[in-house]
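Everything below concerns the one structure shown next.
The values are calculated or read from the model by the stated rules, or taken from the named source; none is laboratory data. Here the structure is a predicted model, which means the values were calculated and not measured. Here the Cβ positions follow ideal geometry from the backbone for every residue, glycine too, while neighbour counts run over all protein chains shown.
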Amino acid sequence: MIGAVPEQTETRRASRYDAVIATLVGLCALCVSAYTAYVQRQQVRAAVWPILEFDSSNAPIHFILANKGVGPAIIRHVIVKVDGQPVRNWKEVLQRILGPGEHLGSESDMSGRVFAASESLTVFTPRDPENNPLNFDKSNPLWVTMNKDRLRVTVEICYCSTLGECWTLRAGGLTPSTTTETRHCPTPSATSFQQ
């Protein structure tokens, strides 16, 4: 019977340790690179994150949409509601608030629009019969009605970043606005706002 040569046993044992250590170093390098890619993705995501806000004002009365984020907002779907009921256009908003009749206003499109970072847009301004904006005037019954009832108007706006991440803004009225992340924006339907 021939005995094992001590040099070969030591060499084999050292080779096994080297292989185990090399494997652990490789796994650590893989984990570090995966984490680095994750952090970079989060940084890119933060660099293009849009934050939409919808608000109204009373001097003159108007409705505003603004992108307060650092990246562009691609608006995919808009629903405007009065008293919780969807309306199809600003004319219908005025009819629900002021009653039947011819009501004037100026508007800007929201749907399908790309809002740059820090961009702000007056999306609707109701006007008096002389086609002037409704400026602050407590003696004007039209201003008083619109000032009180503008809070009945709410919106649901679904928008996406350039990375395809989407959110839905629910704002207007007396409740605080909320923005929730969503997988994708809904397709246009009968409740979609038409401009």
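So for region 112-135 (the condition being free of Cβ contacts under 8 Å to residues at least 12 places away in the same chain, outside any loop (DSSP other than H, G, I, E, B), surrounded by fewer than 16 Cβ atoms within 10 Å (Cβ to Cβ) and assigned by TED's automatic domain parsing to the domain that holds Ile64), does at least one residue qualify?
no
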Considering each of Ser106, Ser189, Ser177 in turn, give the residue that is within 20 Å of Ser57 (Cα to Cα) and out of contact with any Asp or Glu (no Cβ under 9 Å at 6 or more places or on another chain). Ser106
Could you check region 141-174 and list, in sequence order, the residues that are in contact with a strand residue (DSSP E or B) (Cβ under 9 Å, 6 or more places away or on another chain) and among the charged types (D, E, K, R)? Asp149, Arg150, Arg152, Glu156, Glu165, Arg170
Has region 151-171 got at least one residue that is in contact (Cβ under 8 Å) with a residue 40 or more places away in the chain, part of a helix (DSSP H, G or I) and either on the phi < 0 side of the Ramachandran plot or not acidic (Asp, Glu) (or both)? yes
Within region 25-70, work out how many residues are modelled with pLDDT of 80 or more and either surrounded by 13 or more Cβ atoms within 10 Å (Cβ to Cβ) or within 30 Å of Leu142 (Cβ to Cβ) (or both). 22
Of everything in region 178-190, what is of a type in the set (Ser, Thr, Tyr) and either modelled with pLDDT of 95 or more or crowded, with 16+ Cβ neighbours inside 10 Å (or both)? Give them in sequence order. Thr178, Thr179, Thr180, Thr182
Please go through region 136-176 and give me each residue that is crowded, with 18+ Cβ neighbours inside 10 Å and in contact with a Gly (Cβ under 8 Å, 6 or more places away or on another chain), ordered by number. Val153, Thr154, Val155, Ser161
